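For reference, the structure is listed below as structure tokens.
Just so it is clear, none of the values below were taken in a lab; they were calculated from the coordinates. All values derive from a computational prediction rather than experimental measurement. Reconstructed Cβ throughout: ideal geometry from the backbone, glycine too, with neighbour counts over all protein chains shown.
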Amino acid sequence: MSPLPLDAVLIVIDLQRAIDHPSWGERNNPEAERHVASLLHAWRSTGRPVYHIRHDSSEAASHYRPGQPGNEFKPEAQPAVGEIVIVKHTNSAFIGTDLASRLRDANHTTLVVTGVITNNSIEATVRMAGNLGFETFLVEDATFTFGRKDWHGTWRTADEVHAMSLANLDEEYCSVVRTNEILAALKPA
């Protein structure tokens, strides 16, 4: 992997306390938050921009609804002073927000995406990022999802759902990478 430019943006999507609610079921990548924290530390120490995406659900039963503890960012993903927080109300961080214009106005063309849920907000955001022409890297071990039934009613584990989402995205909308690759790409050659 080539070195990342100094203006490469780290995007952390929906890493809020709501994602820990037991109703989600079994997840994969139990180390994802630790990897996100490592990436945040690296971004901050190299002066690169960080954008936090916060989901503010309007659904009455959602744990992501504002005013509830679930709406708060997880401790590992707390925004630092001066970091941008974009509020979204749909699965894509680009719909109904000024994310694209903020990125373009700042001449940011390279995005590194982390967060949740791989087959929902991550996939929707990464597809749009690719379609909008951003060079996008999806950090597979700094994202996670949950098991669910497929269209035919067959149970798929969180690892299977995650892997299929990554397969849907890789080499068409983004490059799927691991945390260690990104961290290595931040260091001078």
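Below is a table of values for the structure above.
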item	result
Label point distance in nm, VAL81-GLU181, each placed 7 Å from Cα along Cα→Cβ	3.7 nm
Amide H within-cut-off set for PHE137, under 5 Å, with H built and near neighbours excluded	LEU111, VAL112, VAL113, SER175
Percent RCO, i.e. relative contact order, over the chain, from Cα pairs under 8 Å lying at least 6 residues apart	27 percent
Cα gyration tensor shape for region 27-173, rounded if a/c is under 1.5, else prolate or oblate	rounded
Estimated 222 nm signal from helices in the chain, with DSSP H stretches of n ≥ 4 weighted -39500 (n - 2.57), rounded to 500	-8000 deg cm²/dmol
Region 73-131 and region 19-66: distance between their alpha carbon centers, rounded to Å	11 Å
Region 50-55 - phi-based ³J(HN,Hα) in whole Hz, Karplus 6.51/-1.76/1.60, Gly and Pro as x	10, 10, 9, 10, 10, 8
Calculated FRET value between GLU72 and HIS152, using beta carbons and R₀ = 25 Å, to 0.05	0.10
Proximal lysines to LYS187, defined as alpha-carbon separation beneath 29 angstrom and excluding residues fewer than eight positions away on the same chain	LYS74
Relative contact order (%) - criterion: Cα under 8 Å, at least six apart; region: region 122-189	39 percent
Table column - 3J(HN,Hα) (Hz), region 77-87, Karplus curve with 6.51, -1.76, 1.60, x for Gly and Pro	10, 5, x, 8, 4, x, 7, 6, 10, 10, 9
Zone of ARG102's modelled label, taken as backbone nitrogen in region 38-63 under 15 Å from a point 7 Å along Cα→Cβ	49-56
Along the chain, longest interval not containing exposed GluC sites (Glu not before Pro), exposed being DSSP loop plus at most 16 other Cβ atoms within 10 Å	84-170
Inter-label distance for ASP159 and ASN131, nm, one decimal - labels placed 7 Å from Cα along Cα-to-Cβ	3.2 nm
Net lengthening on full extension, SER2/THR110 (0.36 nm per residue, minus Cα-Cα)	37.7 nm
